[in-house]
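First comes the structure, then the notes that go with it.
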Amino acid sequence: MNDIALITGTSSGMGLHAAVELARHGLHVVATMRDTGKAGALREAAAVAGVELDVRALDVVDHEAAARLVAEVEAELGGIRVLVNNAGQGSVATAEQLTMAQIQAQLDVNYLAPVNLAKLVLPGMRERGTGRILTVTSVGGAVGQPFADAYCGAKFAVEGFMQSLAVVAERFGVGVSVIEPAAVASAFVENAVRPEGGGPYGALLDAYIARTAGAFANAQTAESAGSAIAAAALADEYRFRWQSSEGATRFVGVSLADTDGGAVLDFTRPWIAAG
């Protein structure tokens, strides 16, 4: 039986490179994206690396489609060993500038979609007594940032969900982790949802965007971040929290003295020791 890895958001950026790197390690990689018509860059990178990818369509916010995909993969190929929740979307706006629909959209893609996919793969992983679920969050999952209210809120939420799940899942041989990239050279900023006008926040928003542009000008490469994602997903060492670079580790260290998540897990493990 092949070792199966399912990864979302692979049409570009670090998701593309993570999919290729997982395949280089010998896994059968089911690489998903909303529109497989945009798979050209992924297929080209796979060809250069000398690997094959199983490219399939998935809009992660469509929970029924996700359920069908997981069922199809397990029926055709066998159990999923690795899930990498990589698909995500940014948002640049502060509270007054956000509609509730925009806030919901951030929760849908950055929080509810990874939660749904984790729920879908967990039964098989639990029954087999092995598996790894890795969710790509962000340094914004540990450090709240201006004009990232909805984005950071969703990333904080998914980190909290996964950290709560981790000590229960590990009792059944399933490792649940997050990885926190900082700025990565990709189309992420261009694809972020942002307000048309700054209004009373205009000057502050301009300053934030200028600072962000500077950060992304010196960003980690998508290839490097993708390699870090694959390494975390396949690591023999278990950690709840990973970062994709030394800079990301320093960043989350502003908020988290416990940068690998171990202290929290040590604290909560005794709560289920009697189980």
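One table, with the values for the structure above:
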| quantity | calculated |
| --- | --- |
| Subset of the stretch 232-259 [open to solvent by 20 Å² or more (accessible area, probe 1.4 Å) and assigned to a helix (DSSP H, G or I)] | 234, 246, 247, 249, 250, 251, 253 |
| Which numbered condition residue 112 fails, given (1) open to solvent by 30 Å² or more (accessible area, probe 1.4 Å); (2) outside any helix (DSSP H, G or I) | (2) |
| Residue match in the stretch 101-109 (condition: touching a Phe, Trp or Tyr at 6+ places or on another chain (Cβ under 7 Å), assigned to a helix (DSSP H, G or I) and open to solvent by less than 40 Å² (accessible area, probe 1.4 Å)) | yes |
| Criterion: surrounded by fewer than 18 Cβ atoms within 10 Å (Cβ to Cβ), modelled with pLDDT of 95 or more, under 22 Å from the mean Cα position of the chain (by Cα) and not small (Gly, Ala, Ser) - qualifying residue of 176, 168 | 168 |
| Matching helices (runs of 4 or more DSSP H) fully within the stretch 1-77 where at least 2 residues are aromatic (Phe, Trp, Tyr), modelled with pLDDT of 95 or more and closer than 21 Å to residue 133 by Cβ | none |
| Residues satisfying the stated conditions in the stretch 179-200, i.e. modelled with pLDDT of 85 or more and crowded, with 18+ Cβ neighbours inside 10 Å | 179, 180, 181, 182, 183, 184 |
| Search result, residues across the stretch 208-229 that are open to solvent by 40 Å² or more (accessible area, probe 1.4 Å), at pLDDT 85 or above and in a helix (DSSP H, G or I) | 223, 224, 227 |
| Close pairs from the stretch 259-275: first modelled with pLDDT under 85, partner hydrophobic (A, V, I, L, M, F, W, C) and not in a loop (DSSP other than H, G, I, E, B), Cβ under 7 Å, at least 6 apart | 259/252; 272/167; 272/168 |
| Members of the stretch 78-91 that are assigned to a loop (DSSP other than H, G, I, E, B) and crowded, with 16+ Cβ neighbours inside 10 Å | 79, 86, 87, 88, 89, 90 |
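To keep it simple, each residue is scored yes or no on (1) touching a residue at least 24 places away in the same chain (Cβ under 8 Å); (2) touching a Gly at 6+ places or on another chain (Cβ under 8 Å).
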position: 54; (1), (2): yes, no
position: 64; (1), (2): no, no
position: 86; (1), (2): yes, yes
position: 94; (1), (2): yes, no
position: 104; (1), (2): no, no
position: 111; (1), (2): yes, no
position: 132; (1), (2): yes, yes
position: 137; (1), (2): yes, no
position: 143; (1), (2): yes, no
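The values are calculated or read from the model by the stated rules, or taken from the named source; none is laboratory data. Note that the structure is predicted; figures quoted are calculated from it, not measured. All Cβ positions, even for glycine, are placed from backbone atoms using ideal geometry, and neighbour counts span all protein chains on display. With ligands, DNA and RNA removed, areas are computed over all heavy atoms of the protein, side chains included. Shrake-Rupley method; radii C 1.70, N 1.55, O 1.52, S 1.80 Å.
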